[in-house]
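Below: one structure, written as structure tokens.
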Amino acid sequence: MLQSAANNISATELQNLYAQLLDLKNKADKEGVVAPGRFAILQQQTENLQTPVTAHRLIYLHNQLQQFMQYMQQFDRYKKAVSVFFANHKSNNNFTYEQLLRYFFIQNLSRRLFDDFCAGNYLETHIEPSINLLLNLIAGYVKCESRLMQHPPTPADIEKLPVFNVLKQPTGNLPLKEYVKRFFPNETAFTFSSKRLGSIAGGFFMLSAYELKDTFLGKPNPFTPLLAQLKEALLTHNHAQVSHVLNKMTQLIPPVIINTPGNNSTTRFKVIDIQGTAPPNSGVILILNNNTQFTTQANEQGFFTFAKTELQSGQNTLQCYSPQYQFLYPSVPVYCITFVAAFPFTGRIDPVTQQPLTETEIESIWRCANCKNYMFSYSVEDNNGVCVILKCNGKTFYNHRQKEFWTQ
């Protein structure tokens, strides 16, 4: 047994603390994602202690184990909170602006904290404040969601939002309900729904904020004259003018377009790259099959790519838009692409990735004549000329130079 050390820290206490850490790690971090490199070093130092051990060494290891114990406890709090939240709450198009903002903040903070835990960041300086912030954000989101479910917003509530102040008459506040009834009949050539008008008003304030930023930086903003026209059109309830200004704004920036794959095209590849153009340096969102959402950033030339996007069998729908400028358009175009699976016997296609095989990869593949299975990097010599598939025992193989390799 290791000898006792000063400051009331003994080798036995050190071993007990290490056992507690292992128990907590097995429960909270079975995957081993929390600072694996630093934990391996601490594990080696603790398990390979040799007698006699100096008091200084015991104190050092004791402090290291305590820090890692606290770090693992915070990861346990993080993992439980994040697992429950994202299992019970999914982002959808019915979110209010408040819900969407809260959800994305929680999502981004969760991703950042996960990266911190993997790298072992803030192990010595405490990560607990960030975990507390995340838990408070989740609690606020749940409270907000509960409030909206119990008390859905009424037209009077919506009217109080700052975004609608610009729409109030200078000589008197026209109630939103009456405004909608008076200025938004069901079918009119230049009439917007209340939801669409809210989107336009929100876009107006967002572009105004960007214009102010450009002014501070001394940069020209192409929307400057049109923003004044849009504000005037909103104030005077001139829907035809609103539509006219929006149309002129769309001519100042390129639309979001998917160039590859082509619309209504067919592919044999399950995993593809989706490429297109958008306003330079703008964010781009891809909605795949109406439920899966991806985000990326267009470069300075306006090109963007969603790499290695996995398609489902049959028809797939693709929708791309820039959230910064989407209010300018009434809808998001829908592109369609059909994935038809291809198999090895119909062409040189990897059955797992559905991507074309290189000549080098094909040369390393053998096919058993008995069970018809393909074997990657198979060596006849190393396996005594016998197929490695269980209970096959085949002894005849084909390579890419033989037609039996490709035929069914």
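The values are calculated or read from the model by the stated rules, or taken from the named source; none is laboratory data. Keep in mind that this is a model prediction, so the values were computed, not measured. All Cβ positions, glycine included, derive from the backbone under ideal geometry; neighbour counts span all protein chains shown.
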Review point. Mind checking whether some residue in the stretch 79-93 is in a loop (DSSP other than H, G, I, E, B), surrounded by fewer than 16 Cβ atoms within 10 Å (Cβ to Cβ), more than 15 Å from the chain's Cα centre (by Cα) and at pLDDT below 80?
Key: yes
Exercise for review: Using the structure shown, decide if residue 24 is in contact with a His (Cβ under 8 Å, 6 or more places away or on another chain), assigned to a helix (DSSP H, G or I) and modelled with pLDDT of 80 or more.
Suggested key: no
Check your understanding: Pairs, please: C-beta under 9 Å, at least 6 apart or cross-chain, first residue assigned by TED's automatic domain parsing to the domain that holds residue 135 and in the stretch 95-115, second modelled with pLDDT of 75 or more and among the polar types (S, T, N, Q)?
Key -> 109/130; 112/130; 113/130; 115/121
Review point. Does residue 230 satisfy the criteria of being in contact (Cβ under 8 Å) with a residue 24 or more places away in the chain, outside the structural domain of residue 322 (by TED's automatic domain parsing) and buried (at least 16 other Cβ atoms within 10 Å of the Cβ)?
Key: yes
Study note, to complete from the structure: Residue set 58, 49; condition in the same structural domain as residue 119 (by TED's automatic domain parsing), assigned to a helix (DSSP H, G or I) and surrounded by 13 or more Cβ atoms within 10 Å (Cβ to Cβ); output residue 58
Review point. Is there any pair linking a residue in the stretch 288-299 that is not polar (S, T, N, Q) to one that is not in a strand (DSSP E or B), with Cβ under 7 Å and at least six apart or on different chains, and which?
Key: 298/278; 298/279; 298/280; 298/281; 298/282
